[in-house]
């Protein structure tokens, strides 16, 4: 028996695949202006934030970078939930490893989704600033 065959017996491909959001949930994120996030042991209420979807992945950005926020809780490894419509999905957060290559797409997604109102322009432009791009979080389903 070759070494590869030996490992193949014990390697479960289904466990190596990352969970994905359902098509219906991704559609909800694309079509809903304010989705919600809840993270942290003591948090029972959801906080409304702007989220965008790119290629089946969901992103949010912390605008102000508060010390005690959904962003800092996810960045410290806590799990949470995101809500769109009536559906609640358990998630963890991760800073996108491909942030440099995907930032342009994230910014365009924010523009497309939120520049439907002229009053949103300063917020959309603000999300493209480097300190806010650095606070971009990807929501990973658990």
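Among the residues of segment 72-89, write down those that are in contact with a strand residue (DSSP E or B) (Cβ under 6 Å, 6 or more places away or on another chain) and without any contact (Cβ under 8 Å) to a residue 12 or more places away in the chain.
The one that is in contact with a strand residue (DSSP E or B) (Cβ under 6 Å, 6 or more places away or on another chain) and without any contact (Cβ under 8 Å) to a residue 12 or more places away in the chain: 88.
Just one of (1) surrounded by 16 or more Cβ atoms within 10 Å (Cβ to Cβ); (2) part of a loop (DSSP other than H, G, I, E, B) trips up residue 91, so point out which.
(2)
Applying the selection to segment 26-45, what residues are part of a loop (DSSP other than H, G, I, E, B) and closer than 16 Å to residue 66 by Cβ?
Residues satisfying the conditions are 40, 42, 43, 45.
Quick one: residue 19 ticks every box in (1) closer than 12 Å to residue 139 by Cβ; (2) buried (at least 17 other Cβ atoms within 10 Å of the Cβ); (3) out of contact with any helix residue (DSSP H, G or I) (no Cβ under 7 Å at 6 or more places or on another chain) except a single one, so which number is it?
Unmet condition: (2).
Answer with yes or no whether residue 106 is buried (at least 16 other Cβ atoms within 10 Å of the Cβ), within 16 Å of the chain's Cα centre (by Cα), outside any strand (DSSP E or B) and in contact (Cβ under 8 Å) with a residue 24 or more places away in the chain.
Taking the combined requirement at face value, the residue satisfies it.
Tell me, yes or no, whether segment 49-60 has at least one residue that is modelled with pLDDT under 95, outside any loop (DSSP other than H, G, I, E, B) and either buried (at least 18 other Cβ atoms within 10 Å of the Cβ) or more than 14 Å from the chain's Cα centre (by Cα) (or both).
no
The values are calculated or read from the model by the stated rules, or taken from the named source; none is laboratory data. All values reported here derive from a predicted model rather than from experimental measurement. In this analysis, Cβ positions are derived from the backbone assuming ideal geometry, glycine residues included, and neighbour counts consider all displayed protein chains.
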